[in-house]
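Below: the structure, in structure tokens.
Read-outs throughout are calculated quantities, based only on the coordinates presented, and are distinct from any laboratory measurement. Given the structure is predicted, the values throughout are model-derived calculations rather than measurements. Cβ atoms come from the backbone with ideal geometry, glycine included; neighbour counts cover every protein chain shown.
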Amino acid sequence: MPETENADDPYLTGRFLIAMPGMPDPRFSKSLIYMCAHGPEGAMGLVVNKPLETISFPDLLSQLEIPVPPAGAGIDVLFGGPVESGRGFVLHSSDYMIDGSMAVDDDVALTSTVDILRVIASGDGPKDRLLALGYAGWGAGQLDDEIRANGWLSVDADPGLLFATAAAEKWDRAMAKIGIDPRMLSDNAGHA
């Protein structure tokens, strides 16, 4: 049986949201969002499969006046969502926690301080990490309404899909994880 939303827990923290085919908002077309927080007051997540072509990690470090490693190594900079698009968020493995880090679940944490970028630039920090500019946010009940309107599917997140899968493959792999062929889905919700 495919993995689906846990009926006992209406909240999606630590899970993926998969944009349905036909998502009307082009910013979220074929998006895979890792949910960092979801509760009665609203929700926040990061798009984890849309690299930005306008800025690289070394460019970002230069803008923040952080020394760029000689090889320019680091991480991709992703479009995390349309809210606060100039603010950076590092989604990372929980093997690294500093002041300001928030544990999302047992395996994943979120840090939005510039200190983590300095550590990553120096070659240290969390084993697994993604850097996103901006985030996806919803007010109270808004995400629930979008799910009921056939905008999103949810599935259990896993570190392999989150951190070890190429961005271009994540949406398809998330759909396959729940046994769905996207070509077989309708863009419209059915009503009895």
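Here are the numbers for the structure shown:
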| quantity | calculated |
| --- | --- |
| Correct option for Rg/Rh (Cα atoms, Kirkwood Rh) [calculated from the coordinates] among (1) 0.98; (2) 1.01; (3) 1.24 | (1) |
| Highest-fluctuation residue, Gly179, Gly134, Gly88 considered, GNM on the chain with Cα pairs under 10 Å | Gly179 |
| Listed residues Gly160, Gly22, Gly125, most fluctuating in the chain (Gaussian network, C-alpha, under 10 Å) | Gly160 |
| Close Lys-Lys pairs in the range 15-180, where close means Cα under 17 Å and separation is 8 or more or interchain | 4 |
| Choice from Asp95, Asp128, Asp181 showing the highest fluctuation, given a GNM over the chain with Cα pairs closer than 10 Å | Asp181 |
| Dipole in debye (nearest 20) - the chain, about Cα centre, beta carbon charges: Lys, Arg +1; Asp, Glu -1 | 500 |
| Efficiency of FRET between Asp115 and Thr54 - r from beta-carbon atoms, R0 25 angstrom, step 0.05 | 0.55 |
| Residue-span extension gain [Asp25 to Ile66] - 0.36 nm each, minus C-alpha spacing | 11.3 nm |
| Antiparallel DSSP beta bridges within the chain, percent to nearest 5 | 90 |
